[in-house]
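Asks: Next up is a structure, given as structure tokens.
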Amino acid sequence: MPARNPYEEYTTSKIMTATPAEVTLMLYEGAIKFCNIAIAAIEQKDVQKAHTNIVKAERIIEEFRNTLDRKYPVAEDFDRIYIYLLQRLLEANIKKDKDILEEVNMHLRSVRDTWKEVMKRCNEKRQA
């Protein structure tokens, strides 16, 4: 029987009890984290680790694209952002270019921060 991993159990519990908005925030945080790991890997000349983490970030962004609710016009704006980020991640992976990853992270942080503000305002409205 494998040993229990308390951190993994906590993470699983956190995800399973999160609201959809909180899961979205966690995914943005994850994409940023994977880009940061890839940047560090490029600096350390660890090509495989950089590749693995860039692909993880790509998968999160692809999931965002796949779950866009296209009945809202703003979905097309997000889709264009996600397509751009995916193109830049592909280029960063081919070139192993940490500057491109920094740019992607800047955009991800901006969208994440906007998402946090939306969540905050929604919570304030519910409490009012």
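Asks: Evaluate segment 16-29: report whether one residue or more is of a type in the set (G, A, S) and not in a helix (DSSP H, G or I).
Replies: Within segment 16-29, one or more residues are of a type in the set (G, A, S) and not in a helix (DSSP H, G or I).
Asks: Between K71, K49, K45, K56, which is more than 26 Å from K120 (Cα to Cα), part of a loop (DSSP other than H, G, I, E, B) and not polar (S, T, N, Q)?
Replies: Answer to the selection: K45.
Asks: Please enumerate the residues belonging to segment 49-76 that are open to solvent by less than 70 Å² (accessible area, probe 1.4 Å) and over 16 Å from the mean Cα position of the chain (by Cα).
Replies: Within segment 49-76, A75 is the sole residue that qualifies.
The values are calculated or read from the model by the stated rules, or taken from the named source; none is laboratory data. Here the structure is a predicted model, which means the values were calculated and not measured. Remember, those area values only see protein heavy atoms, side chains included, never the ligands or the DNA or RNA. Shrake-Rupley method; radii C 1.70, N 1.55, O 1.52, S 1.80 Å.
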